[in-house]
Structure formats: structure tokens, C-alpha cells
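Step one of this worksheet: look at the structure below.
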Amino acid sequence: MRTWQRRWRAGSGGEWSRRLIKDVEKWVKRPHGKVGHMLTQWLTGHGSFGTYRFRIRKSQNARCFHCDRGQDDTPEHTLFRCPAWIGERDRVESRLRRLIHIDNIVEVMIEDEEKWRVISEWIEREKQEEEWRREREG
Ligand SMILES: [Zn+2]
């Protein structure tokens, strides 16, 4: 486990995942927490994000189409930066009575099952809505 942790910290690529999951042992040994489709996409950054879709040439550009800021749609943008999702983020934070940011989100999820559920449902909702919208708008 310690070797794994060391390799995880030193590894190259997957910076986003490594930033989120700081402690591999805690992550692997968590007593709860199913990782669904959308949550997997969010944790890896591979999936329904402008930056990823642009990289695999499924989109013309990487821009977020929920806001007019001309910003790239990244996993970080969706949850923490996009003004279109501020209301949702506020609701989640008030349910958890915590401020959530990139550097604590996974730790908060691991704390208990209820927090895991609130956060993973939030991510699932946002990304699902995003996928539907992409399908509608082509
Ligand atoms: Zn946006």
C-alpha cells in the first residue's frame, strides 16, 4: 500500500485524479461509496467534458456552453467555477455544512456514506444534464 501511495504521488499523467485522491489507502479502504458512471468521468476527467471531447475530436472546441465566459469545460470548471451551477453547489454545501473545493472533496466523500451520496449525486446530476443537453444540441 505504501509503495502504491509512493508511485501514485510520483506518477506522471492523471494529475487531475491525483489531485483529487490524495490518499490511495483511504480511498481503497473506504467502507462505502460506489463509483458510478458520471463520477468515474469526473474523477478521471475522461468523458463528457469540453476539454476531453475536444482532445478526442468530438467537439469543435473545449468551451463550456453553460456560461458565456469563454472558459474551457473541465471537471473543475463544471463543479467549482461555472456560474451556471452556483445554486446547485450552494445547496450541496449547505446540506453538508461545509465548503467544498478540489482539495477536500474526495476526503469529505470518504468521511461518511451520507456525504458520499450527496456529493456523488450532485456530480451525477450535473454531468447527466450536460450529456442530455449535448445530445439535444448535437
Ligand atoms: Zn461554464
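The values are calculated or read from the model by the stated rules, or taken from the named source; none is laboratory data. Source: prediction; values computed, not measured. As a convention, Cβ positions derive from the backbone with ideal geometry for all residues, glycine included, and neighbour counts pool all protein chains shown. Just the protein is used for accessible areas: all its heavy atoms, side chains included, with ligands, DNA and RNA removed. Shrake-Rupley method; radii C 1.70, N 1.55, O 1.52, S 1.80 Å.
Computed values, structure above
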read-out	value
Helix-only mean residue ellipticity at 222 nm for the chain, each DSSP H run of n ≥ 4 adding -39500 (n - 2.57), per residue, nearest 500	-16000 deg cm²/dmol
Computed FRET value (nearest 0.05) for ARG19 with GLU124, which takes r as the C-beta separation and R₀ as 22 Å	0.60
Surface per residue (accessible, 1.4 Å probe) for region 52-134, Å²	58
Of every Cα-Cα pair in the chain, the percent that sits beyond 24 Å	32
Lys, Arg +1 and Asp, Glu -1 on Cβ, resulting dipole of region 49-88 about Cα centre, debye, nearest 20	280
Full-extension gain in nm, HIS46 to ILE86, via 0.36 nm per residue minus C-alpha separation	12.1 nm
Cross-link reach list, lysines versus LYS26, counting only Cα pairs under 24 Å and skipping chain neighbours closer than eight places	LYS34, LYS115
Selected from SER17, SER120, SER48 as most flexible by GNM, with the chain as the system and alpha-carbon contacts under 10 Å	SER17
Radius 14 Å from Cβ of ARG30, net charge of other residues (Lys, Arg +1; Asp, Glu -1)	-1
Using θ = phi - 60° and Karplus 6.51 cos²θ - 1.76 cosθ + 1.60, couplings along region 73-85 (whole Hz; Gly, Pro as x)	8, 10, x, 5, 4, 3, 8, 10, 10, 5, x, 5, 10
In region 53-111, trypsin sites (Lys or Arg not before Pro) in a DSSP loop with at most 10 other beta-carbon atoms within 10 Å	ARG57, ARG97
Chymotrypsin sites (Phe, Trp or Tyr not before Pro) within region 1-65: DSSP coil, no more than 15 neighbouring Cβ in 10 Å	PHE65
At R0 = 35 Å, FRET efficiency that the Cβ-Cβ distance of LEU99 and HIS37 yields, to 0.05	0.85
